[in-house]
Amino acid sequence: MAIESDKLRDRLDRATAHLDPPYAVVDLTAFDTNAAALAERSAGKPIRLASKSVRSRDLINRALARPGWRGVMAFTVPEAIWLVRSGVSDDVLVAYPSADRAAIAELGADPALAAAITLMIDGTGQLDLVDSVRAPGQRCELRLCLDLDASWRPVRGVHVGVRRSPVHSARAAGALAAAIAGRPGFRLVGLMSYEAQIAGLGDAPPGRTLLAGAIRLAQRGSYRELLARRGAAVAAVREHADLEFVNGGGTGSVAATSADPAVTEVTAGSGLYGPTLFDAYRAWRPTPAAFFACAVVRRPTPDLVTVLGGGWIASGPAADSRLPRPWLPAGLKLVGTEGAGEVQTPLSGAAATTLRVGDRVWFRHAKAGELCERVNELHLVEGDVVVATVPTYRGEGQAFL
């Protein structure tokens, strides 16, 4: 393992010797390997790419050009409009309900956009908002996807998973589908349910055996319950709508979600970059593909170095799991009293004694696409050469959340 780490570090250092940190790279061999592995795990069901986990049009296009990948899951309506108009995809599902009146009005006024973009809803209040911004006499029919809550509620008062849609039961899904069917200007074409407690929660947290056992037990129970409930919900919705797709899952559950007969497509994105949160999975761990480099700028003590910047913290609960991880050279660790700082990050460990001012330290981000909010471009590496430099969303002047 140490030899492989040394080889990777040498390769990345050689490829980027002409660059001054901070900067971010994507190893294209690892990226393509992850894309192929995810497609294999989906067992023939298409993978819809979660754009928030990539945030670079060039790399979104690269993944979509591979077998098994089809369509995009965007996270806002403005992003979806941008992706369609720039030719990335003509099949974009917006993952979350929107209250962006200007973007909804723009969507509703353009038949080409309306045919390519599907809005997410989980209640009639969202339909009311859309109707409130429609231009008088607007005839453009809008495509809708119903968000079915996938959390597990084994007993009253216990909620396992994220808090998303209020639509939890098959009966509620059928009732909302019936309400949509009675509203002119809308067409229900899809159903989505994201089982975050399975897809986004690692079942092998290092050094925490009891927690790992509890997570696996909960995931097994949740999967069995959702398998039955999602199937019943799809059947209830189909009584009122001709569904084009049933979407589910994420990187951490591609194989399990694909095995659900009610699901017609799965979503993935984080697995292309392989951030640190996915190191804690047993079933499949992506090859780390995205890194960022910071420069050593001082040595406060013989066994401590400081890099400039590095405090690229991921969203979610304020915990160590959201901190970037010093990756190469191996054997570095954050200092507990300072963590990863906005302007400087001190590092300790055996490797710190070997580093000089000007050396690079390679980090991995805790989450996937959030790395791209920190840089304007990604340097694409093959072997020990930067073969291209492509813009991130930020580099193209786009910030959607």
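The values are calculated or read from the model by the stated rules, or taken from the named source; none is laboratory data. Everything numeric in this text was worked out from a predicted model, so none of it was measured. Cβ coordinates were reconstructed from backbone atoms using ideal geometry, including for glycine residues, and neighbour counts include every protein chain displayed. What goes into the accessible areas is simple: the full protein's heavy atoms, side chains included, and nothing from ligands, DNA or RNA. Shrake-Rupley method; radii C 1.70, N 1.55, O 1.52, S 1.80 Å.
Select from the stretch 114-147 the residues that are touching a Pro at 6+ places or on another chain (Cβ under 9 Å), under 29 Å from L226 (Cβ atoms) and not in a helix (DSSP H, G or I) and list them in ascending order.
Of everything in the stretch 114-147, those that are touching a Pro at 6+ places or on another chain (Cβ under 9 Å), under 29 Å from L226 (Cβ atoms) and not in a helix (DSSP H, G or I) turn out to be L119, M120, I121, D122, G123, D147.
Which of the residues belonging to the stretch 365-389 are assigned to a loop (DSSP other than H, G, I, E, B) and touching a residue at least 40 places away in the same chain (Cβ under 8 Å)? Quick ask: steps written out before the conclusion?
Within the stretch 365-389, the first condition is being assigned to a loop (DSSP other than H, G, I, E, B), and the residues that meet it are 365-368, 374-376, 383-384.
Once the filter is applied, which keeps residues that are assigned to a loop (DSSP other than H, G, I, E, B) and touching a residue at least 40 places away in the same chain (Cβ under 8 Å), the stretch 365-389 yields H365, A366, K367, A368, R374, V375, G383, D384.
Do we have A80 as in contact (Cβ under 8 Å) with a residue 24 or more places away in the chain and surrounded by fewer than 19 Cβ atoms within 10 Å (Cβ to Cβ) here?
Working: in contact (Cβ under 8 Å) with a residue 24 or more places away in the chain: yes; surrounded by fewer than 19 Cβ atoms within 10 Å (Cβ to Cβ): no.
No; evaluated as a whole, the condition is false for this residue.
Do you know which residues across the stretch 76-116 are under 17 Å from I47 (Cβ atoms) and touching a Leu at 6+ places or on another chain (Cβ under 7 Å)?
If the condition is that a residue be under 17 Å from I47 (Cβ atoms) and touching a Leu at 6+ places or on another chain (Cβ under 7 Å), then S89, V92 are the ones that fit.
May I ask you to list the residues in the stretch 254-273 that are in contact with a helix residue (DSSP H, G or I) (Cβ under 6 Å, 6 or more places away or on another chain) and closer than 29 Å to H379 by Cα?
Scanning the stretch 254-273 gives V254, V266, A268, G269, S270, G271, L272.
Restricting to helices (runs of 4 or more DSSP H) lying wholly in the stretch 191-266: which have 1 or more residues that are open to solvent by 30 Å² or more (accessible area, probe 1.4 Å) and closer than 13 Å to W152 by Cβ?
On the way: elements: 196-199, 209-238, 254-258.
Hits in the stretch 191-266: 209-238.
List pairs: first in the stretch 135-162 and over 20 Å from V94 (Cα atoms), second surrounded by fewer than 15 Cβ atoms within 10 Å (Cβ to Cβ) and among the charged types (D, E, K, R), Cβ under 7 Å, 6+ apart or cross-chain?
Listed pairs, sorted by first residue: H159/R153.
Taking L38 and the conditions (1) of a type in the set (A, V, I, L, M, F, W, C); (2) out of contact with any Phe, Trp or Tyr (no Cβ under 7 Å at 6 or more places or on another chain); (3) surrounded by fewer than 22 Cβ atoms within 10 Å (Cβ to Cβ), which numbered condition does it fall short on, given that it satisfies the others?
Checking L38 against (1) of a type in the set (A, V, I, L, M, F, W, C); (2) out of contact with any Phe, Trp or Tyr (no Cβ under 7 Å at 6 or more places or on another chain); (3) surrounded by fewer than 22 Cβ atoms within 10 Å (Cβ to Cβ), the one that fails is (3).
Suppose the filter is of a type outside the set (S, T, Y), closer than 20 Å to L401 by Cβ and open to solvent by 40 Å² or more (accessible area, probe 1.4 Å); does P111 pass it? Quick ask: steps written out before the conclusion?
Working: of a type outside the set (S, T, Y): yes; closer than 20 Å to L401 by Cβ: no; open to solvent by 40 Å² or more (accessible area, probe 1.4 Å): yes.
So P111 does not fit the description; no.
When you scan the stretch 268-357 for strands (runs of 3 or more DSSP E) that lie fully inside it, which ones turn up with 2 or more residues that are open to solvent by less than 60 Å² (accessible area, probe 1.4 Å) and among the aromatic types (F, W, Y)?
Details: elements: 290-301, 304-308, 325-328, 344-348.
The qualifying strands (runs of 3 or more DSSP E) are 290-301.
Hey, can you tell me all the residues within the stretch 110-125 that are of a type in the set (D, E, K, R) and within 21 Å of Y194 (Cβ to Cβ)?
Listed by number, the list holds a single entry, D122.
Show the residue pairs that are 6+ apart or on different chains and have beta-carbon atoms under 7 Å apart, the first residue being within the stretch 196-212 and within 14 Å of A268 (Cα to Cα), the second being open to solvent by 50 Å² or more (accessible area, probe 1.4 Å) and not aromatic (F, W, Y).
Pairs found: A196/V162.
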